[in-house]
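S.K.: Before I ask anything, let me first share the structure, which is written out below as structure tokens.
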Amino acid sequence: MIVRLPGVYPPQQDTSLLNDALLAHSLTPRTRVLDLCAGTGALSVAAAKAGAGHVVAVDIARRACLNARLNAVVAGKRIDVRRGDLTAAVQGELFDVVVSNPPYVPAWGDELPTTGTERAWDAGKDGRALLDRIALSCAEVLAPGGTLLLLQSALCGVQKTEAMLEECGLTVTVVARSLVPFGPVMRSRRAVLEQRGLIVAGQATEELVVFRATKSSPSTSTMG
Ligand SMILES: C[S@@+](CC[C@H](N)C(=O)[O-])C[C@H]1O[C@@H](n2cnc3c(N)ncnc32)[C@H](O)[C@@H]1O
């Protein structure tokens, strides 16, 4: 059971798609998992329950951190919850699995909200404000052989994320796709998304995509 406090992002189809990708990994007491943009901590709890020995959850919102701590207690699992800005909260640490369902909804403007529920989904005009930062910084916190599992909407550019992750030296595969109906936020932004060419007239669904991006380990890297 996952408890959700008011104002915290409710786990939904995106959480569930990423959860399945996470559980497809073998998680052992030696596995170090980082849940970036943790919200209720649903993915952290899933990782801990599946056997990961060390789980760190990071969220910028105070209430989400409180919520993730609460869910750790409810689940009877140890989860190290930290309030912070993406990987800045774990500088110098390495993880075997980084899982992230960040804000990815194209917003009215580029300025990111610093309070309120919109902070859970608003991601600048192109929806990439957080995705780009995660793609650029995740390699620094991945252990050799470690894997990033990252979810986004295809509206924000699948190839862009793929290319950025590859530029950071990661091997990238799309491991899951799911077509979902627009929720209320997307429905309210249809006109502006159409104007920007991010959706076509009458579009009512978006594709969610999960990337698996793996850092080579010494045994898999080629000798130079
Ligand atoms: C789409 S919700 C995902 C929540 C949860 N992982 C899930 O799948 O149900 C995104 C979360 O990112 C958090 N967030 C937004 N900006 C952030 C940042 N710069 N650093 C860390 N977390 C951030 C929000 O507070 C929100 O809880």
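A short reminder: the numbers here are calculations on the coordinates, not readings from a lab. Please read all numbers here as calculations on a predicted model, not as lab measurements. Cβ coordinates were reconstructed from backbone atoms using ideal geometry, including for glycine residues, and neighbour counts include every protein chain displayed.
S.K.: Could you tally the net charge around PRO29, taking each other residue with its Cβ under 14 Å from the Cβ of PRO29, Lys/Arg +1 and Asp/Glu -1?
M.R.: +4
S.K.: Using the charge dipole of the chain (Lys, Arg: +1 at Cβ; Asp, Glu: -1 at Cβ; taken about the Cα centre), state which of LEU193, ALA42, LEU149 has its Cα farthest towards the positive end.
M.R.: Positive-end residue among those listed: ALA42.
S.K.: How big is the charge dipole of the stretch 13-213 about its Cα centre, in debye rounded to the nearest 20, if each Lys and Arg gets +1 on its Cβ and each Asp and Glu gets -1 on its Cβ?
M.R.: In total the dipole reaches around 620 debye.
S.K.: What dipole magnitude, in Debye to the nearest 20, does the stretch 140-197 give about its Cα centre under +1 on Lys/Arg Cβ and -1 on Asp/Glu Cβ?
M.R.: With Lys and Arg at +1 and Asp and Glu at -1, about 460 debye.
S.K.: Please give me, ordered by residue number, the trypsin sites (Lys or Arg not before Pro) of the stretch 40-100 that lie in loop per DSSP and have at most 15 other Cβ atoms within 10 Å.
M.R.: Hits after loop and neighbour filter: ARG78.
S.K.: With an 8 Å Cα cut-off and a minimum separation of 6 or more residues, compute the relative contact order for the stretch 1-132 in percent.
M.R.: Relative contact order here is 24 percent.
S.K.: Here's a follow-up. Which of the chymotrypsin sites (Phe, Trp or Tyr not before Pro) found in the stretch 83-164 are in a DSSP loop and have at most 13 neighbouring Cβ atoms, other than their own, within 10 Å?
M.R.: Of the chymotrypsin sites (Phe, Trp or Tyr not before Pro), the ones in loops of the stretch 83-164 whose Cβ has at most 13 other Cβ atoms within 10 Å are TRP108.
S.K.: Out of all DSSP beta bridges in the stretch 13-213, what portion is antiparallel? Express it as a percent rounded to 5.
M.R.: 45
S.K.: Answer with one residue from LEU136, GLN13, SER178: the one whose Cα lies farthest towards the positive end of the charge dipole of the chain, charges on Cβ with Lys, Arg +1 and Asp, Glu -1.
M.R.: GLN13
S.K.: Oh, and also: Have a look at ILE60, ALA75, THR115 and report the one farthest towards the positive end of the charge dipole of the chain, computed about the Cα centre with Cβ charges (Lys/Arg +1, Asp/Glu -1).
M.R.: So the residue furthest toward the plus end is ALA75.
S.K.: How big is D for the stretch 121-224, in µm² s⁻¹ as a whole number, if Stokes-Einstein is applied with the Kirkwood radius of its Cα pairs at 20 °C and 1.002 mPa s?
M.R.: So the translational diffusion coefficient is about 143 µm²/s.
S.K.: Moving on to the next point. Could you list the square roots of 5 times each eigenvalue of the Cα gyration tensor of the chain, that is, the equivalent ellipsoid semi-axes, sorted largest first and rounded to whole Å?
M.R.: 27, 22, 15
S.K.: Take the alpha carbon atoms of the stretch 39-56, find their center, do the same for the stretch 150-216, and report the distance between the two centers in whole angstrom.
M.R.: 24
S.K.: Please say if the stretch 17-57 is rounded, prolate or oblate, where rounded means a/c under 1.5 for a ≥ b ≥ c the square roots of the C-alpha gyration tensor eigenvalues, and otherwise the choice is prolate for a/b larger than b/c and oblate otherwise?
M.R.: oblate
S.K.: Calculate for the chain the 222 nm mean residue ellipticity that helices alone would give, adding -39,500 (n - 2.57) per DSSP H run of length 4 or more and normalising by residue count, nearest 500 deg cm²/dmol.
M.R.: That calculation yields -8500 deg cm²/dmol at 222 nm.
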